[in-house]
Amino acid sequence: VLVVPNGVDVDMFAQARAAARPLPADLAAIPAPRIGYCGWLESHVDLSLIIELARRRPDWHFVFVGGRTPHKDERLQAEIAACQAVPNIHFLGPKARTEVPDYMLNMDVNAIPWRLEEGSWADVGYPLKLQEYMAAGRNVVSVDLHSVRTLLSHVVRIACGA
């Protein structure tokens, strides 16, 4: 068996770093430290964990870059509504693929806050954004996903709870 993990457009991230473009205006309005998640907001993103972290650390700002699932998900919708009542949680919406590096490069930490539930596909899933996070050269923190722990725990910090 040969494991071939997902890839990343390394050149796109290298060019963004070399260009030293200004901070995106919507991100510049958010104080540091910024903990970022770039990707679709779907049911596997543990927003209840983010709410707890945001309440424990009101000086940290949690930034979500990406679209929302078009599928009706009542739990996700309720969690998004709860997040919108927390002043240090920010939703910046979808961005063009070429803009994503500018966001990842300007986070203090990029996060993988997946929901860990017994029997969930997250037990065996692999976060596609992980390579992009690493290409951005910023710190990465992930919940304890099997795929991250077994393949990349030497470069990614694993969080076991809030």
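The values are calculated or read from the model by the stated rules, or taken from the named source; none is laboratory data. Note that this is a predicted model, so its numbers are computed, not measured. With ideal geometry, Cβ positions are generated from the backbone for all residues, glycine too; neighbour counts draw on all protein chains shown. These area figures cover heavy atoms from the full protein model, side chains too; ligands, DNA and RNA do not enter into them. Shrake-Rupley method; radii C 1.70, N 1.55, O 1.52, S 1.80 Å.
Sorting the segments 40-48, 137-145, 55-63 by their residues' average number of neighbouring beta-carbon atoms within 10 angstrom, most packed first, yields 40-48, 137-145, 55-63. Rounded to the nearest angstrom and listed largest first, the equivalent-ellipsoid semi-axes of the stretch 69-162 from its Cα gyration tensor are 22, 20, 13.
The alpha carbon centroids of the stretch 20-36 and the stretch 83-162 are separated by 17 Å. A 1.4 Å probe run over the protein chains yields, for the chain, 54 Å² of accessible area per residue, whole-number rounding.
For the chain, a Gaussian network of Cα nodes joined below 10 Å ranks 132, 117, 99 by mean-square fluctuation, and the top entry is 117. P(r) tail for the chain, what percent of Cα pairs lie past 25 Å? Result for the distance tail: 28 percent. Note on the stretch 5-91: with neighbouring protein chains present and a 1.4 Å probe, carbon and sulfur make up 54 percent of its accessible heavy-atom surface. Relative contact order of the chain: 26 percent, from C-alpha pairs under 8 Å at least 6 residues apart in sequence. The length gained on full extension between residue 28 and residue 124, counted as 0.36 nm times the residue separation minus their Cα-Cα distance, comes to 31.0 nm.
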